[in-house]
1. Sort out which residues of region 187-208 are closer than 16 Å to Gly42 by Cα and either assigned to a helix (DSSP H, G or I) or under 17 Å from the mean Cα position of the chain (by Cα) (or both), and write them in order of number.
2. If I filter region 124-136 for residues that are under 23 Å from Gly28 (Cα atoms) and touching a His at 6+ places or on another chain (Cβ under 8 Å), do I get at least one hit?
3. Out of everything in region 124-178 that is hydroxyl-bearing (Ser, Thr, Tyr) and crowded, with 20+ Cβ neighbours inside 10 Å, what residue ends up being nearest to Thr47 (Cα to Cα)?
4. Ser289 is checked against (1) crowded, with 19+ Cβ neighbours inside 10 Å; (2) at pLDDT below 85 and fails just one. What number does that condition carry?
5. Taking Ala80 as meeting all but one of (1) small (Gly, Ala, Ser); (2) modelled with pLDDT under 95; (3) assigned to a helix (DSSP H, G or I), write down the number of the exception.
6. Among the residues of region 192-204, which ones are surrounded by 11 or more Cβ atoms within 10 Å (Cβ to Cβ) and farther than 16 Å from Glu55 by Cα?
7. Could you list, in sequence order, all residues of region 1-51 that are assigned to a strand (DSSP E or B), farther than 21 Å from Val174 by Cβ and not small (Gly, Ala, Ser)?
8. Restricted to region 74-111, and to residues that are without any contact (Cβ under 8 Å) to a residue 40 or more places away in the chain and in contact with a Pro (Cβ under 7 Å, 6 or more places away or on another chain), which residue is surrounded by the most Cβ atoms within 10 Å (Cβ to Cβ)?
Amino acid sequence: MTPLEPDAPGYPALLRAVPSPPALWVRGALAADDALAVAIVGARRATPYGLATAERVAAELAARGVTIVSGFARGIDSAAHRGALEAGGRTLAVLGCGVDVVYPPENRALVRAIEARGALLSQFAPGTPALAGHFPARNRTLAGLALGVLVVEAAERSGALITAGFAGDLGREVFAIPGRITSALSAGTHRLIQDGAKLVSCWQDIVSELSEPWRRAVRSSVVHDAAPAAPEVESDEGTMLRLLTPDEPQHIEELIARSGLAAARAATALVALELRGSVRQLAGQRWVSLTVGARRA
C-alpha cells in the first residue's frame with residue numbers, strides 16, 4: 001500500500017488547500033462528492049442525548065448528499081458514522097493509527113461498513129498503533145477535510161475543541177450543539193457558542209452557514225424529512241414510548257414493572273419501536289427514546 005500524495009489525482013481538494021497537507025493512506029474509496037463534507041465530533045463518553053443528536057444530524061445531512069467526516073472514536077464519532085451509513089450516505093473516518101489497525105476494537109464491523117460506503121484515512125503508515133501524540137495531527141487533518149466542524153458534547157478540555165480550533169484557524173465553519181447547563185459534557189460546547197460558534201438545533205442551521213455554491217449542492221430529501229409514524233396511544237408500543245426519555249436510560253426490568261405488561265409483550269414493543277427508529281437499546285439492556293415528543297407516564 002502506498003499513500004495518496006497531495007499532488008495526486010483524487011486527493012481531497014479541501015485538504016489540499018490547507019498548509020502542508022499530509023499524504024494519506026486510504027482504505028475504501030474517496031469520491032469527488034466528498035468535497036461537500038461536514039465533520040461531527042465530540043465526547044467519547046457521551047450521554048444518550050449526545051449520541052442520539054449526533055446520529056440524527058449526521059443522518060439528516062448524509063441523506064442530502066453531505067459526506068460526514070469524523071474520527072472513529074467511541075461515543076459521538078461512532079454515532080456520526082452510524083447515522084451517515086444508516087441514511088445511505090457517505091462517511092470518512094480519520095484515524096490516529098494505521099488504516100489496518102482497528103481502534104477502538106469494538107468498531108470492527110463499522111470498519112467494513114465505512115470501507116464499503118466511504119473511506120478510512122490516515123496520515124500514519126499501516127501498522128502504526130493509536131498513540132495519544134497522534135491525535136492532534138489527526139484532528140487537524142479531520143478539520144481540513146470538511147467545510148465545517150460540528151461539536152456535539154465536549155468537556156472544558158476535549159480533543160473535539162482542538163478540532164474546532166483547527167477548523168477556525170483554517171477558515172472553516174465551527175458549529176456547536178447546546179446541552180444542559182448542568183452537564184460537564186456541555187461546558188465545552190457552550191464555551192464555543194460564547195466564542196462565536198454557530199448554535200445548531202437542526203441540520204438546516206449548518207447548511208444555512210455554507211456559501212451559496214455549497215448550499216445549492218445540498219439536495220432535498222423527502223424520506224428523512226418525515227418523522228417516524230407515531231404508535232397508537234393505547235398500544236403496547238405507545239405505552240412503552242411514554243415511559244422513555246432521551247436522556248434517562250431505563251433498564252428493561254424497570255420498564256416491564258412500570259408498564260404492567262408481560263415481559264414478552266414489553267420486549268416485543270421495544271423491538272418494534274427500535275425498528276421504527278423511535279427508541280434505542282444501550283448497553284446493559286437499558287433503553288432511551290429517540291422521539292422528541294416522548295414524555296414520562
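1. If the condition is that a residue be closer than 16 Å to Gly42 by Cα and either assigned to a helix (DSSP H, G or I) or under 17 Å from the mean Cα position of the chain (by Cα) (or both), then Ala187, Gly188, Thr189, His190, Arg191, Leu192, Ile193, Leu199, Val200, Ser201 are the ones that fit.
2. Taking every residue of region 124-136 in turn, at least one turns out to be under 23 Å from Gly28 (Cα atoms) and touching a His at 6+ places or on another chain (Cβ under 8 Å).
3. Ser158
4. Going through the list (1) crowded, with 19+ Cβ neighbours inside 10 Å; (2) at pLDDT below 85, Ser289 breaks only (2).
5. All conditions pass for Ala80, except number (2).
6. Leu192, Ile193, Asp195, Ala197, Lys198, Leu199
7. Answer for region 1-51, where residues must be assigned to a strand (DSSP E or B), farther than 21 Å from Val174 by Cβ and not small (Gly, Ala, Ser): Leu4, Leu24, Trp25, Val26, Arg27.
8. It comes out as Cys97.
The values are calculated or read from the model by the stated rules, or taken from the named source; none is laboratory data. Note that the coordinates shown come from a computational prediction; the quantities given were computed from them, not determined experimentally. For neighbour counting, all protein chains shown are included, and Cβ atoms are generated from backbone atoms with ideal geometry for every residue, glycine included.
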